[in-house]
Amino acid sequence: MDSHLHVILRLEGSRAVEQWSDREVAERWGKLYPPRGKWRKPLPVTDDWIKQKTSDQKWVKETRKRLASIGWFMKCLKESLARMANKEENCHGAFWASRFKSIAILDDEALLATCVYVDLNPVAAGSAELPENSPYTSIKARMAKISDEGRETELQAALSHASAGAVLMPEVAVRFENDHWLCPFSSASQSAHGFGGMLEGFSLPNYLKLLDETSRLVRDGKHSVSRNAASILERLGTTADVWTATIRKMFSRERLLGVAFAFSRERLHAAASQRGCRHLANLNGCQA
């Protein structure tokens, strides 16, 4: 967006990070911050450099922690964007007004609502008429992949099935999302980085249908999610009415507030207990 950005991150947890070897920790760090030579030009990450880094166990421990940190991820992302913007504007100093805000997404319904909210932001802001034409969004990147592979006709057929509430066969769902850099929706698919999909029994055509229906809530003259999307929502344990109320609430706010987001009170209770507190401020309204 013009003044901010939204990023949905998938956290693998500390166990996955602890399973990395010291060498893998150094190699991952080298991709982010390669060694520098004269005039600060990046140098290749060599075996000697890796051996030097892994011999320092204090460095390995701290680096492992940083590679699993949302805060450090945001630092890397924001720093590079700030440098590019300042270079373009020929200026110096702070570029971002504040650090960042993170909200824990606790259940499938909340994850899907957040994806829809992010993809529809340009439509709600009036900078794009259609979700698939929204610049810098995941939905545009997903549609570009399908176009590059010449699968538009196949996607249209799948969308017809989604409109009728049908669940695509796994082998069909895989064709649209496998090997993309973004995390796929279908649990049967895998990203180019080996990550499995987000939602059981879901697919990109299902998401596109729901996204189109939901976009009616944020465009003038279109005020409701049609019942064609009811079966998609029911498979996630919610209804068109609950979905409509949640999406309208999200887009009516100037900014998203809360430390967690869930449709389920049980998930909020579990998260609150894990944090050792009695209540969590939920973006969706209800408290644990």
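The values are calculated or read from the model by the stated rules, or taken from the named source; none is laboratory data. The structure presented is a predicted model; accordingly, all values stated were derived computationally and were not measured. Here Cβ is always computed from backbone atoms with ideal geometry, including for glycine, and neighbour counts include all displayed protein chains.
Structure data summary
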| quantity | calculated |
| --- | --- |
| The stretch 103-143, residues that are modelled with pLDDT of 90 or more and of a type in the set (Gly, Ala, Ser) | 104, 110, 113, 138, 141 |
| Conditions (1) at pLDDT 85 or above; (2) at positive phi: number failed by residue 181 | (2) |
| Number of the condition not met by residue 135 [criteria: (1) more than 20 Å from the chain's Cα centre (by Cα); (2) under 15 Å from residue 4 (Cβ atoms); (3) loosely packed, with under 12 Cβ neighbours inside 10 Å] | (1) |
| Pair list, Cβ under 8 Å, 6 or more apart: the stretch 204-219 residue in the same structural domain as residue 248 (by TED's automatic domain parsing), other residue modelled with pLDDT of 85 or more and part of a loop (DSSP other than H, G, I, E, B) | 204/184; 204/185; 206/185; 207/185 |
| Residues satisfying the stated conditions in the stretch 171-203, i.e. over 24 Å from residue 237 (Cα atoms) and assigned to a loop (DSSP other than H, G, I, E, B) | 178, 179, 180, 181, 182, 191, 192, 193, 194, 195 |
| Any pair with Cβ under 7 angstrom, 6 or more apart, that starts in the stretch 82-94 at a residue that is within 16 Å of residue 5 (Cβ to Cβ) and ends at one that is loosely packed, with under 10 Cβ neighbours inside 10 Å | none |
| Among the candidates 71, 30, 126, 37, residue that is out of contact with any Ser or Thr (no Cβ under 8 Å at 6 or more places or on another chain), of a type outside the set (A, V, I, L, M, F, W, C) and at positive phi | 126 |
| Identity of the residue in the stretch 14-23, modelled with pLDDT under 95 and among the charged types (D, E, K, R), that ends up nearest to residue 67 (Cα to Cα) | 18 |
| Verdict on residue 225 being closer than 16 Å to residue 112 by Cα and at pLDDT below 65 | yes |
| Complete set of residues in the stretch 253-288 that are under 21 Å from the mean Cα position of the chain (by Cα) and exposed (fewer than 13 other Cβ atoms within 10 Å of the Cβ) | 253, 254, 255, 257 |
